[in-house]
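Worksheet: the structure to be examined is printed underneath.
Read-outs: derived from the displayed coordinates by stated rules, not from any lab. On a predicted model such as this, the values are computed, not experimentally measured, just so you know. We place every Cβ from the backbone using ideal geometry, glycine too, and count neighbours over all the protein chains shown.
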Amino acid sequence: MTTPSKSNGTPSKQRRTPAKQTPGSTQRTPAKHRHPLTALQEDEPITSPTPSSILQMPFTPGRTPNKNRGMAFSPMTYTTSPAQSNIGANGRTPMSTPSRTRSDLGSARKLRLVNEQDELEGDIDVNTADNQVVIWGTDVHVNECKRRFIAFLKKFHLNIEEANLEGVDPTKPFYMQKLEEIHLLERPFLNVDCAHFKQIDKTMLNQLIAYPQEVIPIFDIAVNELFFTIYENDTLPHQIQVRPYNVDMFKNMRCLDPEDIDKLVSLTGMVIRSSLIMPEMRSAYFSCNICGFHVQVEIDRGRIAEPTICTSCNTAHSFELIHNRSLFADKQFIKLQETPEEMPAGQTPVTVTIVAHNDLVDAVQPGDRVQVTGIFRAVPVRINPKTRNVRSVYRTFIDVIHFRRHKTFTAVGGLEEQTTNDDEESSSSKFSKERLAQFRNLSERPDIYELLSNAIAPSIFGHEDIKKGILLQLFGGTKKSFTDAGRKSCRSQINILLCGDPGTAKSQLQQYIFRLVPRAQYTNGKGTSAVGLTAYVTKDPETGHLALQTGALVLADNGICCIDEFDKMSESARSILHEV
């Protein structure tokens with residue numbers, strides 16, 4: 001432990017302070033330097049002797065650490081030495097379950113050790129150990145937060161109605177059944193509804209929203225310790241990762257401001273573009289050209305801290321980056337646009353860039369309406385990529401933690417089958433037993449056809465045949481394949497052309513269908529071009545690569561595309577409809 005010396009206009013020097021040992025306690029500072037926090041530099045993170053960003057918990061006295069089995073539960077370091085981990089000491093984690101860095105969170109820079117229990121403020125129930133890990137500048141106590149989350153997982157129950165919708169047993173803890181599901185399916189992701197936090201522990205919810213980069217790794221530690229205590233001999237592809245969603249802090253894209261930076265936010269919108277999957281370096285491997293000494297450096301938000309001096313041969317600037325020994329993760333840029341119902345009248349739609357990592361890449365496609373939960377980030381814009389100079393203007397994006405697709409009945413007939421990697425269905429696709437009974441009783445009525453057709457645009461009088469045709473288009477049919485007989489396949493959807501005098505509610509019917517169907521697009525034929533309907537090539541500002549910008553017909557895939565003033569379309573734009 002080092003303490004800074006006083007300076008009088010000259011650079012301060014670090015001096016080594018001898019540590020005193022007291023019975024039953026860890027190292028303490030001298031009396032004249034006694035302080036509730038260890039004497040670390042203000043911006044200096046707690047680092048381990050070995051170059052690793054593996055998350056380790058403080059060593060518990062009375063246990064012998066097993067250095068060979070001290071494994072990771074999250075990408076952040078919560079201790080001063082990997083040898084102090086008690087995770088592998090009790091055999092809770094099998095060696096075959098590897099650790100995995102969470103690219104959506106980054107790395108922790110605000111960790112401090114508390115020495116004195118009597119100087120802790122607040123109603124924190126600390127453990128017996130003298131040194132306690134806290135998040136510097138916050139009221140988040142690591143051990144206390146972990147204990148609260150484990151208690152939440154063990155105690156939370158759903159009511160009978162919600163349990164029936166989820167298909168779980170209401171007499172058992174809900175998240176303990178989710179852990180059993182992880183054990184059976186080997187999908188190491190735990191989706192946590194933040195509305196459940198609000199019922200049990202509002203303090204933990206507030207800490208999660210305010211400090212997600214520090215609190216979520218604590219949740220990762222807790223759920224992994226609990227899981228491997230119950231299933232000691234289980235093997236997973238990697239450590240379980242907690243993915244919170246349904247945050248109470250719902251934000252409109254127009255309302256995002258600097259106060260939301262580094263906080264957990266939830267947005268709803270429509271995906272309009274997704275880039276190609278690109279590799280992002282997560283751990284850089286450097287090798288010395290003189291002596292061959294190698295070191296691995298963890299990357300924080302795209303910054304590589306290249307070592308300047310080799311600790312083996314003391315040669316300056318002798319390290320070389322070895323790409324094939326470095327670790328990479330998948331990354332994808334996605335454009336999210338506000339939905340038409342949220343857009344104010346007369347305004348252009350607002351778009352937000354979201355970044356997906358690892359398993360969340362290719363989870364959503366253009367045209368999907370999703371609820372995104374992630375961390376709002378801001379980074380400075382560089383003047384030149386080859387220089388260190390940056391502008392005073394910042395660009396913002398969202399690191400995605402959870403996708404939730406709005407699953408509803410679509411125009412192809414039935415429930416949409418495509419799901420995200422975080423398969424969390426929205427409430428629109430879950431119905432109670434009473435609601436299902438109403439559907440069955442409604443299906444037995446002899447006038448069901450007329451009843452449903454009259455429910456389409458009820459404010460428009462008449463047009464029964466047109467409404468019945470639209471109803472058939474919404475439900476769709478059965479796709480028939482005649483490839484064995486040498487004939488073409490027969491599609492299951494129909495196209496409708498509305499012709500009539502002005503003022504006969506043709507556009508109003510289209511507007512109603514556009515608001516009814518989730519994957520629907522509305523365009524005007526007078527200003528529509530061929531590339532606007534299909535796709536056009538544009539340069540991605542994030543990566544610089546050429547990408548396809550999707551048009552109205554592509555965004556309306558598995559939905560309905562409403563084209564008004566069809567007769568005013570150009571001949572080239574009208575002919576392109578036969579190509580898709």
Cβ-based charge dipole, the range 449-571, positive-most Cα from Leu452, Leu498, Ser570:
Leu452
On each of the three principal axes of the Cα atoms of the range 518-580, give max minus min coordinate, whole Å, ordered largest first.
39, 28, 19
Would you mind computing, in nm to one decimal, how far apart the modelled labels at His183 and Glu232 are, each placed 7 Å from Cα along Cα→Cβ?
1.3
Report, in listed order, any pair from Lys479/Lys539; Lys178/Lys198; Lys172/Lys335; Lys251/Lys539; Lys178/Lys480; Lys335/Lys468 with a Cα-Cα distance greater than 31 Å.
Lys479/Lys539; Lys172/Lys335; Lys178/Lys480; Lys335/Lys468
Net +/- balance of residues flanking Ser287 in space, Cβ distance below 9 Å, scoring K and R +1, D and E -1
0
What is the order of Leu208, Leu497, Leu555, fewest Cβ neighbours within 10 Å to most?
Leu497, Leu555, Leu208
Could you give the length gained on full extension between Arg388 and Asn252, defined as 0.36 nm per residue of separation minus the Cα-Cα distance, in nm?
45.6 nm
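Please identify every one of the trypsin sites (Lys or Arg not before Pro) in the range 294-343 that sits in a loop by DSSP and has no more than 10 other beta carbons within 10 Å of its own beta carbon. Present the calculation step by step, with values, prior to reporting the outcome.
Values: sites: Arg301, Arg303, Arg325, Lys331, Lys335; in loops: Arg301.
Sites meeting the loop and neighbour criteria: Arg301.
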Radius of gyration, Dmax [the range 433-578; alpha carbons; angstrom]:
19.0, 59
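By count of other Cβ within 10 Å, fewest leading, how are Glu166, Glu161, Glu338, Glu444 ordered? The partial results should precede the final answer.
Details: Glu166 15, Glu161 12, Glu338 21, Glu444 7.
Ordered from fewest to most neighbouring Cβ atoms within 10 Å, Glu166, Glu161, Glu338, Glu444 come out as Glu444, Glu161, Glu166, Glu338.
If each residue of separation counts as 0.36 nm, what is the full-extension length gain between Ser507 and Lys479 once their alpha-carbon separation is subtracted? Before the final figure, lay out each step's value.
Numbers: separation 28, 0.36 × 28 = 10.08 nm, distance 2.92 nm.
Between Ser507 and Lys479, full extension yields an extra 7.2 nm.
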For Met278 paired with Leu471, estimate the spin-label separation in nm (one decimal), with each label point 7 Å from Cα along the Cα-to-Cβ line.
5.1
In whole percents, the bins of 5 Å from zero upward hold the Cα-Cα pairs of the range 145-277 as 2, 9, 17, 20, 18, 16, 10, 6, 2, 0
When His357, His578, His545 are ranked with the fewest other C-beta atoms within 10 Å first, the list becomes His578, His545, His357
Grab the Cα-Cα distance for Thr315 and Arg487, subtract it from 0.36 nm times how many residues apart they are, and report the gain in nm with one decimal.
54.5 nm
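Taking only C-alpha pairs under 8 Å that are 6+ residues apart, what is the relative contact order of the range 433-578 in percent? Spell out each step's value before the answer.
Details: 154 pairs, mean separation 25.8, N = 146.
Relative contact order, the range 433-578: 18 percent.
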